[in-house]
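Have a look at the structure below before the remarks.
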Ligand code: HEM
Ligand code: HEM
């Protein structure tokens, strides 16, 4: 069987997972910034409902993706980076995976504390992550919003890295993911 990693690209499932998550995360920030201000008693309707559903989908796809990543050999890293930049790149990838999981969990805890139902793909009801009224879940509201900003900064670093590969180093790193 030919080696699927022979041309140095990520495999098709890895690439699909990557770009599906990118689309969902872009949509999620768009919804988060246009949904109505959430106050005590705000009903989880319209864009807020979309925020919960897209967020749950991100968590599910991120977990599938991480499972795939840990059980399959990844394409070897590009040889164009100094050891220090290789470490930075690995740290950013690790943070991206961590935030893709922790950020939705925080949002889910806040939704549960508000007594809001969360469903996966609009059909599978998920259990409340914490009890309704939970102090921890309530505290997660602000922390979730702040962590989303940190996520945005890490994504910015990641995209800057991809552009650095494509425009300065002119290596094949970006092609590996396309
Ligand atoms: C990667 C996934 C996610 C991103 C990027 C994200 C992003 C955000 C952002 C930026 C805000 C602040 C909005 C504002 O400033 O008004 C927010 C609020 C919120 N998100 Fe998410 N979110 C994600 C996943 C989730 C999930 C999975 C849930 C629940 C199932 C959720 C529930 C909430 C709730 C309840 C709020 C309001 C918090 C409050 O103001 O007390 N989020 N989200
Ligand atoms: C929501 C935004 C994004 C997230 C959460 C994200 C997440 C990730 C993660 C976790 C990896 C590591 C893959 C692995 O080895 O397991 C990765 C790799 C990669 N991403 Fe992204 N990504 C995002 C946006 C982008 C964008 C916009 C671009 C292109 C401009 C991009 C280009 C790449 C490339 C080229 C790699 C491979 C890096 C390498 O081989 O060292 N990503 N991404």
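The values are calculated or read from the model by the stated rules, or taken from the named source; none is laboratory data. Nothing here was measured: the structure is a model prediction, and the numbers come from that model. Positions of Cβ are generated from backbone atoms using ideal geometry, with glycine treated the same way; all protein chains shown enter the neighbour counts.
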Is the stretch 20-33 home to any residue that is surrounded by 15 or more Cβ atoms within 10 Å (Cβ to Cβ), more than 12 Å from ligand 1 (Cβ to nearest atom) and within 21 Å of residue 156 (Cα to Cα)?
yes
In the stretch 144-168, anything surrounded by 16 or more Cβ atoms within 10 Å (Cβ to Cβ), within 9 Å of ligand 1 (Cβ to nearest atom) and either over 13 Å from the mean Cα position of the chain (by Cα) or over 23 Å from residue 178 (Cα atoms) (or both) is listed as 144, 147, 148
What's the total number of residues in the stretch 39-67 that are without any contact (Cβ under 8 Å) to a residue 12 or more places away in the chain and either assigned to a helix (DSSP H, G or I) or under 17 Å from residue 119 (Cβ atoms) (or both)?
5
Step by step: first the residues of the stretch 1-17, then only those that are part of a helix (DSSP H, G or I) and surrounded by 15 or more Cβ atoms within 10 Å (Cβ to Cβ), then the one that is modelled with the lowest pLDDT. Which residue is that?
14
Checklist (1) in a helix (DSSP H, G or I); (2) farther than 30 Å from residue 86 by Cα applied to residue 167, failing item:
(2)
What is the one condition in (1) more than 8 Å from ligand 1 (Cβ to nearest atom); (2) out of contact with any helix residue (DSSP H, G or I) (no Cβ under 6 Å at 6 or more places or on another chain); (3) closer than 17 Å to residue 122 by Cα; (4) touching a residue at least 12 places away in the same chain (Cβ under 8 Å) that residue 36 does not satisfy?
(3)
Does the stretch 95-108 contain at least one residue that is free of Cβ contacts under 8 Å to residues at least 60 places away in the same chain, more than 8 Å from ligand 2 (Cβ to nearest atom), farther than 30 Å from residue 132 by Cβ and under 14 Å from the mean Cα position of the chain (by Cα)?
yes
So residue 91 ticks every box in (1) within 19 Å of residue 156 (Cα to Cα); (2) crowded, with 16+ Cβ neighbours inside 10 Å but one. Which box is left unticked?
(2)
Could you pull out the residue among 119, 80 that is outside any helix (DSSP H, G or I), within 30 Å of residue 9 (Cα to Cα) and in contact (Cβ under 8 Å) with a residue 24 or more places away in the chain?
80
Any residue in the stretch 103-116 that is surrounded by fewer than 16 Cβ atoms within 10 Å (Cβ to Cβ) and under 20 Å from residue 19 (Cα atoms)?
no
